[in-house]
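The values are calculated or read from the model by the stated rules, or taken from the named source; none is laboratory data. In this text, all values refer to a predicted model and were calculated from it rather than measured experimentally. Every residue, glycine among them, receives a Cβ derived from its backbone with ideal geometry; neighbour counts consider all protein chains shown. In case anyone asks, the SASA skips ligands and DNA or RNA and just uses the protein heavy atoms, side chains included. Shrake-Rupley method; radii C 1.70, N 1.55, O 1.52, S 1.80 Å.
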Amino acid sequence: MTATRQIIRNGQVLDPERRTVEAADILIQGDAILELGPPGLDAPEDAAVIDAADRLLMPGLVNAHTHGHGSLSKGYGDKWSLELLLNAAPWIGGGLTLEGQYLAARLNAAEMVLKGCTAAYDMFFQFPEASLESISAVAQGYTEVGIRAAIAPMMADTTFYQAIPGLLDSLPEPHRAHAEALQAAPWEAHIEGCRALLQGWPGDRDQVRPALGPTIPMHCTDDFILACRDLAWDYEVGLQMHLGESKLQAVAGLKRYGKSLTAHLDALDFLGPNFTGAHSIWLDDDDVQRLADRGANVAHNPGSNLRLGNGVAPARRMLDAGVTVGIGTDGSSSGDHQNMVEAMRMAAFASRLMDIEPDSWLGSWDVLRAGTLGGAALLGMAGQIGRIAPGYKADIAFVDLTNVAFVPLNDAANQIVNCADGSAIDSVMIGGRMVLQGRRFTSLNFDELRRDAQVMADTLRSRNADTRGQLEAMAEYVSHHCVGLACEGYHAHRRIDEGRA
Ligand SMILES: [Zn+2]
């Protein structure tokens, strides 16, 4: 049981708001921080003492964009573009049972906690349609590990093959027949499932909260997007959608809508403070301004963006325009890991590809802020998580300053971003409860989870073998068509190979 009152002494507290690292003691009552003060802070006699000598106390990192279902398919694919990944999606992640979804969520949560993350925004794939049962299994997985999450059913009412102009027609037989046989659920079925989910949400919303995730503009009809918008407003929940993730999407969006993807969503009145555009790479300056004007947010996923060859999002431009930016890992099937420490470093480094002027780069404090307070705002938890300060939840990552990344200790903020790799995370407290202590979970048996995950992954591999065969044979045609379409050009440049970043 969580002690009613706890005092953390002898630590160095990192504050992304004030951009400081200072020696301070932290008094915790229940699940929240009651007081922060200089070393030797008065504490009630009954307060349990936690010694944080040689520890940097960092606000728990907030993963702004992940896909829990991807945890069982990490490491698949090598030179995969986003489109090749979407073509492979039915065999790398299809056929996940309820038990598999629960397991995948636990594995995803476990990896995040190990890397100092205490909350996440998860778009969890739903097939054939969103359901309360499925998202409840995911919520249970997260809750058992102890991490906070906003869980958005990831939904489409149009298949990838229908969404990309000309793709179906470009496929020779029998591939076209295979692609045509794949069907998405009608949007009304998704909305019905989502309504049941929002009405019957089982959990404590400070722990796990529902959101909605129509996945990609062209994979969702306008009727579906509008229905999600209205449902989100009615139930006061967040909306997350992949936005301009690949150049192909930007080019195809322009063909489909006669305007940019962002402009199209804006015309549908879809953008608002409850909206987060995941990736948001292929946005021009007007699009960035649209997001800023609507108070919308962005989940920046630099590692996944580089992995899939999508380019670099204009994060500095977004921050300068006043857009709230969080940092995400993306799912493990596209980002390969759930390491928010690494994601912050990638965000800092990727910004250096965009401009020669060092002042315009993202610095350590910029990415620390985005990785904590930025993500907190996206989850609708601004003022509750993302900082170690009175009134905030006691979500704290204990970073081991005896780890070689901090030897010698010169500048803790620079070193957590530029030197550390996640292995320096020693313990993690969420809501006053030690979920990870000395790199060991208190909330789950990792050996058991590892065995279960391997069995499930092996089962999925054999279950999806036929689908894999079909889709792998189709991959070269899909890639050829998509690359050809993307090469038609776009007025914003987000890849170095286009000569101007
Ligand atoms: Zn994603």
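Averaged over residues, the count of other Cβ atoms within 10 Å places the peptides 243-250, 12-19 in the sequence 243-250, 12-19, highest first. Among 402-412, 363-373, 202-212, 85-95, sorting by the average number of other beta carbon atoms lying within 10 angstrom of each residue, highest first, gives 363-373, 85-95, 202-212, 402-412. Each of L132, A32, T221 was scored by the projection of its Cα onto the charge dipole of the chain, and the greatest displacement toward the positive side belongs to A32; charges sit on the C-beta of Lys, Arg, Asp and Glu. Among A397, A465, A475, pick out the residue whose Cα is farthest towards the positive end of the charge dipole of the stretch 383-483, where Lys and Arg carry +1 and Asp and Glu carry -1 on C-beta, about the Cα centre. Of the candidates, A397 comes out farthest on the positive side. Straightening the chain between A321 and E144 buys 59.8 nm, computed as 0.36 nm per residue apart minus the Cα-Cα spacing.
Placing pseudo-labels 7 Å out from each Cα toward the beta carbon at D285 and E45 gives an inter-label distance of 6.7 nm. Around the Cα centre of the chain, unit charges on the Cβ atoms of Lys, Arg, Asp and Glu (plus for the first two, minus for the last two) sum to a dipole of about 480 debye. Taking the Cα atoms only, what angle lies between the long axis of helix 247-257 and the longest principal axis of the chain, rounded to 10 degrees? Helix 247-257 sits roughly 60 degrees off the main axis of the chain.
Need one word for the chain: rounded, prolate or oblate. Basis is the Cα gyration tensor (sqrt eigenvalues a ≥ b ≥ c); a/c below 1.5 gives rounded, then a/b vs b/c decides. Prolate is the answer for the chain, as a/c is 1.5 or above and a/b outweighs b/c. One chain, two ends: S479 and W233. Fully extended at 0.36 nm per residue, the span grows by 84.8 nm beyond their Cα-Cα distance. The residues of the stretch 83-242 expose, per residue, 33 Å² of accessible area to a 1.4 Å probe. Altogether, the Stokes-Einstein calculation at 10 °C and 1.306 mPa s, with the Kirkwood radius of the stretch 344-501 over Cα pairs as Rh, returns a diffusion coefficient of 78 µm²/s.
Using the Cβ of A278 as centre and a radius below 12 Å, the other residues enclosed give a net charge of -3, where K and R count +1 and D and E count -1.
Around the Cα centre of the stretch 391-455, unit charges on the Cβ atoms of Lys, Arg, Asp and Glu (plus for the first two, minus for the last two) sum to a dipole of about 180 debye.
Among the protein heavy atoms, those of L34 account for about 90 Å² of accessible surface (1.4 Å probe, every chain in place). Close amide H partners of A120, meaning residues 5 or more places away or on another chain with modelled amide H under 5 Å apart, are N63, R148, A149, A150.
Apolar share of the accessible surface for the stretch 157-219: 50 percent from carbon plus sulfur atoms, 1.4 Å probe. Annotation: amide H-H contacts under 5 Å for L436 (H modelled 1.01 Å from N, sequence separation of 5 or more, or interchain): V428, T442. Sorting S479, S427 on solvent-accessible area from highest to lowest, probe radius 1.4 Å, gives S479, S427. Only lysines eight or more places from K79 in sequence, or on another chain, were considered; those with a Cα closer than 21 Å are K247. Here the calculated FRET efficiency for D169 and D466, from their Cβ-Cβ distance with R0 = 30 Å, stands at 0.75, rounded to the nearest 0.05. Using the 1.4 Å probe convention, the accessible area of the stretch 358-501 works out to 46 Å² per residue with neighbouring protein chains retained.
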